């Protein structure tokens, strides 16, 4: 090993000294530096573009209603008679408000309790789905890893297809079952299909398949049963993927739109994702503050779990399990 | 997987299995059933909420209506396929996925390669690019309205360059382009970290050898790195495909039930059929969609198998 390295260095050196004129190395370095700086500037520009909507949401949430109307009136302002009221002809995209005002937050948090209620609805809808989907999926992932029976391939393929389907394809099945079980208009109609969604099963199975079988065999020799192997070996080893899948599931259901609109008839029980986008013109000046509050849980989940998100997928290889 | 190769291979496999079965000890049998037990909650739930009702959907698709229950064969399929709204929806959705998904894969791969250079603030850039993922759908809708309305910021911006700038983008033929941008903005970050992870797991010694053989960066990428990225590319394609269907949320919130023609998606069609209680049409459309997806996935897996066959790990 040492020798090989030495040889390599020798080859490199001989190349540098023999073939190329002096100063070439420096030129190469300069070119490399230019490339890196171009890459940095490019990435920075793209990052800025990507960050724009989020910055806009947060800074504009500190805008007073009058300033909001002056800047965005062209789009949102609607008079009570229904006609458009043109405060300004055009939108004026503004990143920093003239005057920082907390009036939006004051109204949202203190006066109109509706938003907080919807926020709470969102929480109640999402958390059970996230927790139980992960639990069911962790079991199933281990099952797919260990079970080598004939129908395994068929079942897993069915899961992949099901996972790929847009919600509208599963809409009728979903509606039918909810109807049979009498779950319509209750959160159960959203919770149960969410809990059994195959998405996290797919991700976790893919990861668990990478656990070396020797770990399992060693545990078996020590007399551990399947359940013990699962809790003591497979689960700790897949902590990263379970966390990162959890983030994806949380973000996905935090933004659900179709399910509540179809399965719940009472708008009082809608989550904030639906309610906020149907915000009426009179309250649109609050929209950015509500959106910012709505952003906080995702932000927290993201800040807490970003590392998992990045490292959890590091070992993901093939798609097929 | 289940898509076996030649018949010979199949025969070999079967005989292998037979031998294995004979050798299966009592202990192994117990293990097999023990491991199958872990699958039960998920499989039972999926069967109850998705697979069994899906059979009902297939049943509905060959009936005249769910109440009368007259068998009509493929009539529903024929009327769906000849429906002009359905065709419009299929064209739009197909076009969108065919453009947006490869773009999302390609651009995120390029970004990952860009970040793979040793540029400063790498982790920060990574977080920035990942951040659109967490913006709630409702604020996206708000901001996209501010940007692409007739009086929106984008029009104001392009007026500086002498364009007329009075198009209401979501209600024009360019609506779909706006949606593609929205999709890319939202999904590229996650795809990018998938690629970054894959790039970092390419064996360094192989690259080192190639470099000594004086292979250029481009050659190294195409001859070595790309081979190791095949399975990640397939994975990213699958994730992007899922997300390309999920972009309907934003389209729906921006445009409601009956949007401008260019952004009328398959999901709009199905949603509206559902609201009109036209279950048999919806079921036929759903079955067609599933068949297309099965074909697509089988092709994708075949491609993966083909491109990564002489690669271990």
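The values are calculated or read from the model by the stated rules, or taken from the named source; none is laboratory data. Computed from a prediction, not measured in an experiment: that's the story for all the values here. Glycine also receives a Cβ, built like all others from the backbone with ideal geometry; neighbour counts cover every protein chain displayed.
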Would you confirm whether any residue within region A:238-246 is assigned by TED's automatic domain parsing to the domain that holds residue A:135, under 24 Å from the mean Cα position of the chain (by Cα), assigned to a loop (DSSP other than H, G, I, E, B) and surrounded by 21 or more Cβ atoms within 10 Å (Cβ to Cβ)? yes
Condition set touching a residue at least 40 places away in the same chain (Cβ under 8 Å) and assigned to a loop (DSSP other than H, G, I, E, B), scope region A:199-216, selection nearest to residue A:140 (Cα to Cα): answer is A:209
So, in region B:226-246, how many residues would count as being surrounded by 19 or more Cβ atoms within 10 Å (Cβ to Cβ) and more than 10 Å from chain A (Cβ to nearest Cβ)? 2
What is the one condition in (1) closer than 25 Å to residue A:59 by Cα; (2) assigned to a helix (DSSP H, G or I); (3) modelled with pLDDT under 85 that residue A:311 does not satisfy? (1)
Residue A:151 meets each of (1) facing chain B (nearest Cβ under 7 Å); (2) over 18 Å from residue A:256 (Cβ atoms) with one exception, condition (1)
Determine if region B:101-112 includes at least one residue that is in the same structural domain as residue B:256 (by TED's automatic domain parsing) and more than 20 Å from the chain's Cα centre (by Cα). no
Collect the residues in region A:254-280 that are touching a residue at least 40 places away in the same chain (Cβ under 8 Å), within 11 Å of chain B (Cβ to nearest Cβ) and part of a helix (DSSP H, G or I), keeping them in residue-number order. A:254, A:258, A:259, A:262, A:272, A:273, A:275, A:276
Looking only at residues in region B:204-224 that are free of Cβ contacts under 8 Å to residues at least 12 places away in the same chain and within 30 Å of the chain's Cα centre (by Cα), which one is farthest from residue B:111 (Cα to Cα)? B:219
Among the residues in region B:84-100, are any closer than 30 Å to residue A:177 by Cα and either in contact with a strand residue (DSSP E or B) (Cβ under 7 Å, 6 or more places away or on another chain) or facing chain A (nearest Cβ under 10 Å) (or both)? yes
Return the residue satisfying two criteria in turn: it lies in region A:175-198 and is part of a helix (DSSP H, G or I) and over 19 Å from residue A:249 (Cα atoms), and of such residues it is farthest from the chain's Cα centre (by Cα). A:180
Let me spell it out: the conditions are (1) in contact with a helix residue (DSSP H, G or I) (Cβ under 9 Å, 6 or more places away or on another chain); (2) over 24 Å from residue B:188 (Cα atoms); (3) surrounded by fewer than 22 Cβ atoms within 10 Å (Cβ to Cβ); (4) without any contact (Cβ under 8 Å) to a residue 40 or more places away in the chain, and residue B:291 meets all of them except one. Which number is the exception? (1)
Kindly provide the set of residues from region B:171-201 that are within 12 Å of chain A (Cβ to nearest Cβ) and either assigned to a loop (DSSP other than H, G, I, E, B) or more than 30 Å from residue B:123 (Cβ to Cβ) (or both), ordered by number. B:201
Could you tell me which of the residues A:144, A:157 is within 30 Å of residue B:52 (Cβ to Cβ), facing chain B (nearest Cβ under 9 Å) and surrounded by 20 or more Cβ atoms within 10 Å (Cβ to Cβ)? A:144
Could you list, in sequence order, all residues of region B:121-139 that are over 17 Å from residue B:190 (Cα atoms) and either modelled with pLDDT of 85 or more or more than 7 Å from chain A (Cβ to nearest Cβ) (or both)? B:121
Which one is nearest to residue B:252 (Cα to Cα) among residues in region B:140-154 that are within 7 Å of chain A (Cβ to nearest Cβ) and outside any helix (DSSP H, G or I)? B:149
Any idea how many residues of region A:217-237 are assigned to a loop (DSSP other than H, G, I, E, B) and either within 10 Å of chain B (Cβ to nearest Cβ) or in contact with a strand residue (DSSP E or B) (Cβ under 6 Å, 6 or more places away or on another chain) (or both)? 1
Could you please tell me which pairs satisfy a Cβ distance under 6 Å, a separation of 6+ or placement on different chains, a first residue in region B:154-177 that is without any contact (Cβ under 8 Å) to a residue 40 or more places away in the chain, and a second residue that is surrounded by 17 or more Cβ atoms within 10 Å (Cβ to Cβ) and assigned to a loop (DSSP other than H, G, I, E, B)? B:155/B:165; B:156/A:90; B:158/B:165; B:159/B:165; B:168/B:150
Tally of residues being modelled with pLDDT of 85 or more and more than 21 Å from residue A:178 (Cβ to Cβ) across region B:46-73: 1
Surrounded by 14 or more Cβ atoms within 10 Å (Cβ to Cβ) and more than 7 Å from chain A (Cβ to nearest Cβ), is that true of residue B:109? yes
